[in-house]
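These notes concern the structure reproduced below.
The values are calculated or read from the model by the stated rules, or taken from the named source; none is laboratory data. Note that the structure is a prediction, hence the values are computed from the model and not measured. Heads up: the accessible areas ignore ligands, DNA and RNA and are worked out on the full protein's heavy atoms, side chains in. Shrake-Rupley method; radii C 1.70, N 1.55, O 1.52, S 1.80 Å.
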Amino acid sequence: MIFKPSALLCLSSIWGVLLQVTAVKNKSKVSQGQFPVTQNVTAIEGGTVNLTCRVDQNDNTSLQWSNPAQQTLYFDDKKALRDNRIELVRASWHELSISISDVTLSDEGQYTCSLFTMPVKTSRAFLTVLGVPEKPHITGYTSPVMEGDPIRLTCKTSGSKPAADIRWFKGDQEITDVEKKQEKDSNGKTFTVISVLDFRGDRKDDGAIVSCRVDHESLNSTPHIATQSLDIHYTPTVKILPSTPLPQEGQQLILTCESKGKPLPEPVLWTKDGGELPDPERMVVNGRELTITFLNKTDNGTYRCEATNSIGKNSAEYILIINEPLFTTTIIPLFTTATVKTSVTITPRSTSSVSGAKDPNAYPGPAATDHALIGGIVAVVVFVTLCSIILLGRYLARHKGTYLTNEAKGAEDAPDADTAIINAEGSQVNAEEKKEYFI
């Protein structure tokens, strides 16, 4: 087949049109896969935030960031709005990132990233700005507080967005019974939060630390805290502490008046049976201590300690009862039978007597100490001596001495002792005479 030149020209034109249609279709398919991607962000007032827009597929198409007022911030890498707080972070065919420093509450809103395809495709990111609460302060406290008086503490913080949370603590213990309220500030965006704590002054709270704690997400887990130290004044408490639980006659007794109060009571007043101390020489007051030397039964009675401060006064009483001296008695058992293996020699003319023994019940006077113990020891020694003499006498009575004599055999018929000795068997005429005498 032979084509004419005009027919060839027509065929080439049709082919060109087909190629252009195919190119447009292919470009349309590519543009359908191009979508900008953004994310919502949160910033703290006064901080810095980044806005990022990304595109996975881009055929050299421009990207643009716009603010909530639809003002262009950046077109590709070209800055469009004169705001020194806005800076370019990264610009490429696949990403456009910008930063906003010193963020204010007015920067909050919806920002738009645009991809200039046909048609233009957009993605939106919402910027949330947190209002930082002011440091709280506590009002309503006047020092000092009298015990039992009402106390009202108020904690206040402003500028938070959203509204902050206020919590009360006394030491480490949280107080939940409080009153809370919140109101919008004049800008219409932030809040003022107020919390009120009511309680009564108690002596156990003197020196305690009451704290107001403000929690908010903008504080990054570091809450704002305001504190108030409590100064509670109260009447004294009085208690008497004796130096011994069982005071005895002749001993020394110290009574200590333990008084606590605010202001501190000083000095204390000691009385006996509603009057002054009867014997100042033996009853000596030194600060909070009352010392009684050489107790006797005349000291029995009710002793009173009174403490006073600017708030009031209080007292305590101690009833003194003198106890009798305690003797230590040792009981030695008597045995009906005993085996004595000790050799005892008794001189007939020697006698044992106990005379001039001290009366154990005699009162030794102020200069003697522990007279009860000494009297008991003397009594025990006398008792043991008597028992020993009795036991020894019984032993000697049961075991009398046996005396043996050897009489000469064959002397039965002798007229006298000398003749018997001469006639005895085995005797020697010249032997030395031996005689035995019995006493």
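Per residue, how many Å² of accessible area does the range 180-275 show with a 1.4 Å probe?
Per residue, the range 180-275 has an accessible area of 53 Å².
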Would you mind listing how long the range 130-244 runs along its three principal axes, going by Cα atoms, in whole Å with the largest first? 72, 26, 20
The range 52-205, relative contact order [Cα under 8 Å, separation at least 6], %: 17 percent
Pairs to check: 121/161; 156/189; 135/161; 181/204. Give those whose C-alpha atoms are more than 25 Å from each other in this structure. 121/161; 181/204
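Over the range 28-122, average the accessible area per residue using a 1.4 Å probe and give it in Å², no decimals.
Working: 5340 Å² over 95 residues.
Ligands and nucleic acids excluded, the figure is 56 Å² per residue.
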